[in-house]
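Presented below is the structure to which this report refers.
Read-outs: derived from the displayed coordinates by stated rules, not from any lab. The structure presented is a predicted model; accordingly, all values stated were derived computationally and were not measured. Neighbour counts run over all protein chains shown; Cβ positions are idealised from the backbone, glycine included.
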Amino acid sequence: MDASEMERVAAERRYMQRHYNDLVLYIPEMRNVLRINWPCDDAGVKYTPTALVELLRGWRLVWTCFCGPNARGRPPLAKFVVSRTKGDVSAECCDKQSGCGFKVDLTKIHETTAIVQVYHHFRKLQTGDHFGIGMDMCVELNEDTGILHGWLGCYDKIRVNRIEYT
C-alpha cells in the first residue's frame, strides 16, 4: 500500500470515529475498523468511561491505534487520557508524531451510544486459554450494521494501555 492509499484509509478510519455515536475501534485480527458495543451491567446500565478502562485492564484487554506494527511486529497500544479537572476520558494514539489520528472521546460516546452488551464471556485476570475459547463462541459480526458483537479488545498477557492524567 503506497503512502496516498495509507492516508486515504487513515482518513476513512478517523471519519468513522468522529461521526458515529458508538465505539469505533481498530480490530487488528480483522484488519478493519468496526463499531462495537459499550459494556453494561446485567440491568443494562452502561459502565462509566473510567469503569470501562478498569474493566479492560482487569480483563487484560488492550486497544490499538491506527499506527502500523512496531519493530516487534505488534500493533502499538492506544493510551487513555483522563482529565483531572473535567473527568473526561478519551483513548488516543500513543505517538503524537505518527499522525494516525486515533482518538475516541469515551465521555461523549458513553452519553450517546445506544448499543450496549453484557460481556459475560470475560473474567478478571483471564488467561489466554479462556480468552480463545470464549471469543470463538461469542464474537459475531453483523454485516448489516457493521457492529462486532462480543469483542471489547485484544487479549495481551503482558502489555496494558497506559493511562495519562492531564
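Of note:
- The label-point distance for Asn21 and Cys138, in a model that sets each label 7 Å from Cα toward Cβ, rounds to 2.7 nm.
- Residue-span extension gain [Ser83 to Ala114] - 0.36 nm each, minus C-alpha spacing: 8.7 nm
- Legend: residue pairs Lys79/Lys108; Lys46/Lys103; Lys86/Lys157, Cα-Cα distance threshold 26 Å; pairs beyond threshold, Lys86/Lys157.
- Full extension of the chain segment joining Lys157 with Arg8 gains 50.3 nm, where the gain is 0.36 nm per residue of separation less the Cα-Cα distance.
- Working from label points 7 Å from Cα in the Cα-to-Cβ sense, the Asn32 to Ala51 distance is 3.1 nm.
- Calculated FRET efficiency, Asp95 to Ala43, Cβ-Cβ distance, R0 = 25 Å: about 0.05 to the nearest 0.05.
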